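Colleague: Sharing a structure, written as structure tokens. Questions coming.
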Amino acid sequence: MTPWIEAMRLRTLPVSVAGVAAGTGCAIYHHGFAVVPMIICLAFAIIAQIASNFANEYYDFKNGFDRKGREGYRRGVTEGDISPSAMKRATYLLLAIDAVLGCSLIAWGGWWLIAVGVAVAVFAVAYSAGPYPLSHHGLGDVAVVIFFGFVPVIFTEYVQTGVLDIDSVTFCASLAVGLMATNVLIVNNYRDCDDDKAVGKNTTVVIFGRKTMSVAYLLNGIIAAICLSGAASRAPAWTSAGWIVYACCHLTLWSNLRTLKGAELNKVLKFTSIILLFASLYLLVILSVWQQGDFKY
């Protein structure tokens, strides 16, 4: 089981949890909360990310973008721990399970949610596969902002409240989570830059260089901190401690990003995910305490 667990990339799964947590906070703030659709959204998000990670392993191996001994986490298919056919089957099995979960949300959000689910499934595979893989052409970062920020936050709120109302609180929460999730991707690609460049995989770090993308990492975190403060702007003053803590941790990680190399950057990757999870839980707590909604089950 160890190669499969490694392929799930557990250290980055807080990226999926963050959007649902922030979206639930927005739902409570807007006088809505429903346990069952929240749990379904959480399961859907986690499974979609794992499926995307599996697809990334399979299609990068198939297209020759992976090689043994990479700086990053061990790749089971490339290293021979998992057969390519098994990884492909696992990828599409998880997508099938996610399709069932997504369809169950129709009871709360209506039939048009099928279009959202299809878009998520397409992104999960198109990130690494298809005629124009997003991650190979510098588009992965933009896609992460959309599909790990705006989509989970907005639609987690929607299926709990029944209202698609993107006000300043929801927008700030979505953008904050999206930018913080993008920073996880930046660290991953920052670490793998030399390997990716050698095989022609054009991530944003390969295209723009490590120095430019380290600045992007810094700015993403600063904008995210501003968005966090904006989402909780009407909360009591003492709550600002949360986004200040995030900002301080972010600056420390940015300093480490510029000085560490190779596998040492795995620590930066892990803690970038952790502070993302911290920030999303901060939003959940602050928005919940700030204005309690009527609970619906």
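Read-outs throughout are calculated quantities, based only on the coordinates presented, and are distinct from any laboratory measurement. Computed from a prediction, not measured in an experiment: that's the story for all the values here. Please note: Cβ atoms are built from the backbone with ideal geometry, for glycine as well, and neighbour counts cover all protein chains shown.
Colleague: At 222 nm, what value in deg cm²/dmol follows for the chain if DSSP H runs of at least 4 each add -39500 (n - 2.57) and the sum is divided by all its residues, to the nearest 500?
Modeller: -23500 deg cm²/dmol
Colleague: Let me spell out the model: positive unit charges on the Cβ of Lys and Arg, negative unit charges on the Cβ of Asp and Glu, origin at the Cα centre of the chain. What dipole size does that give, in debye rounded to 20?
Modeller: With only Lys, Arg, Asp and Glu charged at Cβ, the dipole is about 640 debye.
Colleague: Determine, for each peptide in 81-93, 9-21, the mean count of other beta carbons within 10 angstrom over its residues, then list the peptides with the highest first.
Modeller: Going by the mean number of other Cβ atoms within 10 Å, highest first, we get 9-21, 81-93.
Colleague: Please go through the residue pairs Lys88/Lys211; Lys201/Lys267; Lys88/Lys261; Lys197/Lys267 and name each one whose alpha carbons sit more than 26 Å apart in this structure.
Modeller: Lys88/Lys211; Lys88/Lys261
Colleague: Here's a follow-up. Which length gain, in nm to one decimal place, applies between Ala237 and Trp112 when the Cα-Cα distance is subtracted from 0.36 nm times their residue separation?
Modeller: Contour length minus the Cα-Cα distance gives 41.0 nm.
Colleague: Let me ask you something else. Using all C-alpha to C-alpha distances in the stretch 80-197, build P(r) with 5 Å bins and read off the rounded percent in each one.
Modeller: In whole percents, the pair-distance histogram is 2, 10, 16, 18, 20, 17, 10, 5, 2, 1.
Colleague: What is the angle, in °, between the Cα long axis of helix 14-29 and the longest principal axis of the Cα atoms in the chain? Nearest 10 is fine, range 0 to 90.
Modeller: Roughly 10 degrees, rounded to the nearest 10.
Colleague: Okay, next question. For the chain, what D do you get in µm² per second when you plug the Kirkwood radius from alpha-carbon pairs into Stokes-Einstein at 37 °C and 0.692 mPa s?
Modeller: D, rounded to a whole number, is 170 µm²/s.
Colleague: Quote the charge dipole size of the stretch 147-297 about the Cα centre in Debye, to the nearest 20; the model charges only the Cβ of Lys and Arg (+1) and of Asp and Glu (-1).
Modeller: 500 debye
Colleague: Along the charge dipole of the stretch 1-127, Cβ charges K/R +1 and D/E -1, which of Val20, Leu93, Ala115 sits furthest on the positive end?
Modeller: Leu93
Colleague: Mind ordering 139-152, 233-246 by average Cβ neighbours within 10 Å, highest first?
Modeller: 139-152, 233-246
Colleague: Any idea what the alpha-carbon Rg over 2.2 N^0.38 Å comes to for the stretch 15-151?
Modeller: With N residues counted in the stretch 15-151, Rg over 2.2 N^0.38 Å equals 1.14.
Colleague: Still on this structure, please answer the following. From Cα pairs below 8 angstrom and at least 6 apart in sequence, can you work out the relative contact order of the chain, rounded to a whole percent?
Modeller: Rounded, it is 30 percent for the chain.
Colleague: Could you give the spread of the C-alpha atoms of the stretch 172-252 along their three principal axes, from largest to smallest, in whole angstroms?
Modeller: Reported extents, whole Å, longest axis first: 51, 23, 15.
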